[in-house]
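Working notes, beginning with the structure itself.
The values are calculated or read from the model by the stated rules, or taken from the named source; none is laboratory data. Quick caveat: nothing in here was measured; it's all calculated off a predicted structure. All Cβ positions, even for glycine, are placed from backbone atoms using ideal geometry, and neighbour counts span all protein chains on display. Ligands, DNA and RNA are excluded from the accessible area calculation, which covers all protein heavy atoms including side chains. Shrake-Rupley method; radii C 1.70, N 1.55, O 1.52, S 1.80 Å.
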Amino acid sequence: MILAAGRGERMRPLTDTLPKPLLRVGGRALIEYHLQNLAQAGFRDIVINHAHLGQMIEAALGNGERFGVRIHYSPEPAALETAGGIAQALPILRAGSGKGQRQPFLAVNADIYCSMDFSTLLPVLHRMREHPDNALAHLVLVNNPAHHPNGDFSLASGRVAVTGKEMLTFSGIGIYQAELFQDIVPGTVAKLAPLLKEAMAREKVSGQRYSGLWVDVGTPERLRLLDTDLMRPVS
């Protein structure tokens, strides 16, 4: 699932007329990098939720054929936040997997740029499918960027906790069990962090550190800098 329903308030006025996932860097829309990377990793069925100017996303991406994937859309009249958006899309995710309620799925924020090889997460998906009671979520954490120096969570021995010796930043890339969202009524607004923190208290969240290129494209300035980097000729 690609999470693409955010309004992008910090990106205004750019997002007044264009949804944030369609902002362009390096000659293509942000969300197109995810579609390309997911396809290369072997993912074929992808759910995209949207709200603000969502029809523009559907018009730009279509059914996903030109990316080598099948795109299923989960429209939201108003953004439901991360957990609410996932809960709303669960019936589509289950139908796409064809393997029932306990099939874990990968979710990626549309407003990040990341060079991660998503195929490296396939063993985690397999492990969570074979042992669904061991973890409700698996988070990819990154080094703290300058604009978020205090981080979000700690990572030790493959387990993620609310506090710890070294704090890292949640990348916006995670693998989740549908069970994590079972108490959210579809169509209601719900944030992801409280669900994750509750699961962490039960030691049900695993994680890994990613040290490659990752950018939270949250402001026009970060968008401009990333665009400059991607357009720079490779020496």
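From the set of residues in segment 127-177 that are among the polar types (S, T, N, Q) and open to solvent by 40 Å² or more (accessible area, probe 1.4 Å), which is nearest to residue 47 (Cα to Cα)? So that I can check it myself, show each step before the final result.
If we filter segment 127-177 for residues that are among the polar types (S, T, N, Q), which is where we start, we get 134, 143-144, 150, 154, 157, 163, 169, 171, 177.
From the residues that got through so far, the ones that are open to solvent by 40 Å² or more (accessible area, probe 1.4 Å) too are 134, 143-144, 150, 157, 163.
On the way: 134: 25, 143: 28, 144: 28, 150: 32, 157: 32, 163: 32 Å.
Among those that are among the polar types (S, T, N, Q) and open to solvent by 40 Å² or more (accessible area, probe 1.4 Å), it is 134.
All conditions but one from (1) under 30 Å from residue 224 (Cβ atoms); (2) open to solvent by less than 60 Å² (accessible area, probe 1.4 Å) apply to residue 42; the one that does not is (1). For segment 37-44, does any single residue satisfy the condition of being in a strand (DSSP E or B), in contact with a Phe, Trp or Tyr (Cβ under 9 Å, 6 or more places away or on another chain) and within 24 Å of residue 196 (Cβ to Cβ)? For segment 37-44, residues in a strand (DSSP E or B), in contact with a Phe, Trp or Tyr (Cβ under 9 Å, 6 or more places away or on another chain) and within 24 Å of residue 196 (Cβ to Cβ): absent.
Per the listing 97, 119, 115, the residue uniquely surrounded by fewer than 22 Cβ atoms within 10 Å (Cβ to Cβ) and modelled with pLDDT of 95 or more is 119.
Residue count for segment 2-30 under the criterion of being on the phi > 0 side of the Ramachandran plot and either at pLDDT 95 or above or under 12 Å from the mean Cα position of the chain (by Cα) (or both): the result is 0.
Residues 76, 58: which one is open to solvent by less than 70 Å² (accessible area, probe 1.4 Å) and more than 23 Å from residue 192 (Cα to Cα)? Outline the logic, then answer.
Numbers: 76 fails: more than 23 Å from residue 192 (Cα to Cα).
Residue meeting the stated conditions: 58.
Taken as a whole, segment 87-102 holds no residue that is part of a loop (DSSP other than H, G, I, E, B), closer than 23 Å to residue 22 by Cα and not basic (Lys, Arg).
Results for (1) among the aliphatic types (A, V, I, L, M); (2) over 27 Å from residue 8 (Cβ atoms); (3) without any contact (Cβ under 8 Å) to a residue 60 or more places away in the chain, shown as yes or no for each residue.
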| site | (1), (2), (3) |
| --- | --- |
| 177 | no, yes, no |
| 181 | no, no, no |
| 185 | yes, no, no |
| 199 | yes, yes, no |
| 203 | no, yes, yes |
| 215 | yes, no, no |
| 231 | yes, no, no |
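Annotation note: of 61, 125, 80, the sole residue that is within 25 Å of residue 203 (Cα to Cα) and touching a residue at least 12 places away in the same chain (Cβ under 8 Å) is 125.
When segment 1-29 is filtered for residues that are outside any loop (DSSP other than H, G, I, E, B), within 26 Å of residue 94 (Cα to Cα) and open to solvent by less than 10 Å² (accessible area, probe 1.4 Å), the ones remaining, listed by number, are 2, 21. Of all residues in segment 50-82, those being out of contact with any Asp or Glu (no Cβ under 9 Å at 6 or more places or on another chain), aliphatic (A, V, I, L, M) and assigned to a helix (DSSP H, G or I) number 3. Taken over segment 185-235, the criterion of being open to solvent by less than 50 Å² (accessible area, probe 1.4 Å), assigned to a helix (DSSP H, G or I) and among the hydrophobic types (A, V, I, L, M, F, W, C) is satisfied by 193, 195, 196, 199, 200, 223, 226.
Kindly indicate whether residue 107 is out of contact with any strand residue (DSSP E or B) (no Cβ under 8 Å at 6 or more places or on another chain), under 30 Å from residue 18 (Cβ atoms) and surrounded by 13 or more Cβ atoms within 10 Å (Cβ to Cβ). Criteria not met by residue 107.
If I filter segment 31-45 for residues that are at pLDDT 90 or above, in contact with a Gly (Cβ under 6 Å, 6 or more places away or on another chain) and not hydrophobic (A, V, I, L, M, F, W, C), do I get at least one hit?
We begin by selecting, within segment 31-45, every residue at pLDDT 90 or above; these are 31-45.
Subset that is in contact with a Gly (Cβ under 6 Å, 6 or more places away or on another chain): 39, 45.
With not hydrophobic (A, V, I, L, M, F, W, C) added as a condition, the list becomes 45.
Yes, some residue in segment 31-45 is at pLDDT 90 or above, in contact with a Gly (Cβ under 6 Å, 6 or more places away or on another chain) and not hydrophobic (A, V, I, L, M, F, W, C).
Out of the residues in segment 170-218 meeting the condition of being touching a strand residue (DSSP E or B) at 6+ places or on another chain (Cβ under 7 Å) and of a type in the set (Asp, Glu), tell me which one is farthest from residue 51 (Cα to Cα). This residue is 203.
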